[in-house]
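The values are calculated or read from the model by the stated rules, or taken from the named source; none is laboratory data. Owing to the predicted nature of the structure, the values given are computational and were not obtained by experimental measurement. Cβ placement follows ideal geometry from the backbone for every residue including glycine, while neighbour counts extend to all protein chains displayed.
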Amino acid sequence: MKILISNDDGYQAPGIVALYEALKNVAEVEVVAPEHNNSAKSNALTLHSPLYVHRAPNGFRYVNGTPADCVHIALTGLLGYRPDLVVSGINNGANMGDDTIYSGTVGAAMEGYLFGIPAIAFSQTEKGWKHLDAAAARARELVQQMMVHHMVGSQPWLLNVNIPCLPLKDLKPPKVCRLGRRHAAEPVITQTSPRGETMYWIGAAGPAMDESEGTDFHATAHGHVAITPLKVDLSDHERLGYWAQSLAHLRGQAAA
Ligand code: MN
């Protein structure tokens, strides 16, 4: 059993070190992670500048690129073998609801999934690495259970896991959830640079808008580990018929 580990907070982040330490005795693990913080890079790939891979003293490999770059080059030549599982994290902060669209943590896992490999993105629900040991223990437990039940190394799937920042004894059992929704983000923040130019800082993510029962927000607020199976197909399947009809109608009008 071979596991590729990546993240978006960078190869020196406590979350990836904890994930590596938690998994190194249950499988053959290799780390390929961004050199610097790449949070909110989603599935971005670097196409217009070269990527370099270096090895840190602890054996982790780091790349001057995005989370998806790391997994992409690992799977297309760097590793020289196909891992059975790609795991990403543990992220410094929640990746719930709409966060999953922006998240580099999810992006790294999704890149593995796009290559046909089962993948899990792990995040702690709050920043600051509080009770990281508990989150890592829960991550190991989930991976081990999946290995025992032969869910790894077969069909690809993609799981998004958010772990409340609680001591192990207070963490409630995993709950399978849908994604909630956030309100629109906070307003952009402007400052004046030393050279008199206006600088814009992207504002914080909005608060939860849909945090009803069944969502990741609800589960983690009640102490559960939230597990959301994700898919990548963005097609609006329910509205295919509506759009087919509407566009046929528009064409009919144009003809008349
Ligand atoms: Mn991050």
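Considering only residues that are more than 16 Å from the ligand (Cβ to nearest atom) and either within 18 Å of Gly10 (Cβ to Cβ) or in contact (Cβ under 8 Å) with a residue 60 or more places away in the chain (or both), which ones fall in region 64-76?
Across region 64-76, the qualifying residues are Asn64, His72, Ile73, Ala74, Leu75.
Can you tell me which residue is nearest to the ligand (Cβ to nearest atom) among those in region 77-88 that are part of a strand (DSSP E or B) and closer than 21 Å to Thr46 by Cβ?
Selected residue: Ser88.
Here's the yes/no breakdown for (1) touching an Asp or Glu at 6+ places or on another chain (Cβ under 6 Å); (2) surrounded by 11 or more Cβ atoms within 10 Å (Cβ to Cβ); (3) among the basic types (Lys, Arg):
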{"residue": "Leu158", "(1), (2), (3)": "no, yes, no"}
{"residue": "Pro164", "(1), (2), (3)": "no, yes, no"}
{"residue": "Leu168", "(1), (2), (3)": "no, yes, no"}
{"residue": "Pro173", "(1), (2), (3)": "no, no, no"}
{"residue": "Cys177", "(1), (2), (3)": "yes, yes, no"}
{"residue": "His183", "(1), (2), (3)": "no, yes, no"}
{"residue": "Val188", "(1), (2), (3)": "no, no, no"}
{"residue": "Gln191", "(1), (2), (3)": "no, no, no"}
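Quick one: in region 92-149, which of the residues that are charged (D, E, K, R) and either away from the ligand (no atom under 16 Å from the Cβ) or not in a helix (DSSP H, G or I) (or both) is modelled with the lowest pLDDT?
Among them, the one singled out is Asp98.
For the subset of region 203-245 comprising residues that are among the polar types (S, T, N, Q) and touching a residue at least 12 places away in the same chain (Cβ under 8 Å), which member is surrounded by the fewest Cβ atoms within 10 Å (Cβ to Cβ)?
For region 203-245, the residue satisfying everything is Ser212.
If a residue must be touching a His at 6+ places or on another chain (Cβ under 9 Å) and of a type in the set (A, V, I, L, M, F, W, C), how many such residues does region 137-191 contain?
Summing the residues that are touching a His at 6+ places or on another chain (Cβ under 9 Å) and of a type in the set (A, V, I, L, M, F, W, C) in region 137-191 gives 6.
For region 33-63, give me each residue that is within 27 Å of Met1 (Cβ to Cβ), away from the ligand (no atom under 16 Å from the Cβ) and under 21 Å from the mean Cα position of the chain (by Cα).
Listed by number, the residues that qualify are Phe60, Arg61.
Of all residues in region 90-106, which are touching a Lys or Arg at 6+ places or on another chain (Cβ under 8 Å) and without any contact (Cβ under 8 Å) to a residue 60 or more places away in the chain?
Residue satisfying the conditions is Gly93 alone.
Would you tally the residues in region 150-171 being of a type in the set (A, V, I, L, M, F, W, C) and modelled with pLDDT under 95?
2
I need a count of the residues in region 79-116 that are surrounded by fewer than 24 Cβ atoms within 10 Å (Cβ to Cβ) and farther than 27 Å from Gly223 by Cβ.
Selection size over region 79-116: 9.
Please find, within region 1-17, the residue that is farthest from the ligand (Cβ to nearest atom) out of those that are assigned to a strand (DSSP E or B) and either in contact with a Lys or Arg (Cβ under 6 Å, 6 or more places away or on another chain) or under 17 Å from Asn64 (Cα atoms) (or both).
In this case the residue turns out to be Ile5.
Could you please let me know if Asn38 is modelled with pLDDT of 95 or more, in contact with a Pro (Cβ under 6 Å, 6 or more places away or on another chain) and under 22 Å from Thr100 (Cβ atoms)?
When the stated conditions are applied, Asn38 passes them.
Name the pairs whose Cβ atoms lie under 8 Å apart, with the first residue in region 123-148 and in contact (Cβ under 8 Å) with a residue 60 or more places away in the chain, the second away from the ligand (no atom under 16 Å from the Cβ) and of a type in the set (Asp, Glu), and 6 or more positions between them or separate chains?
Ala136/Glu21
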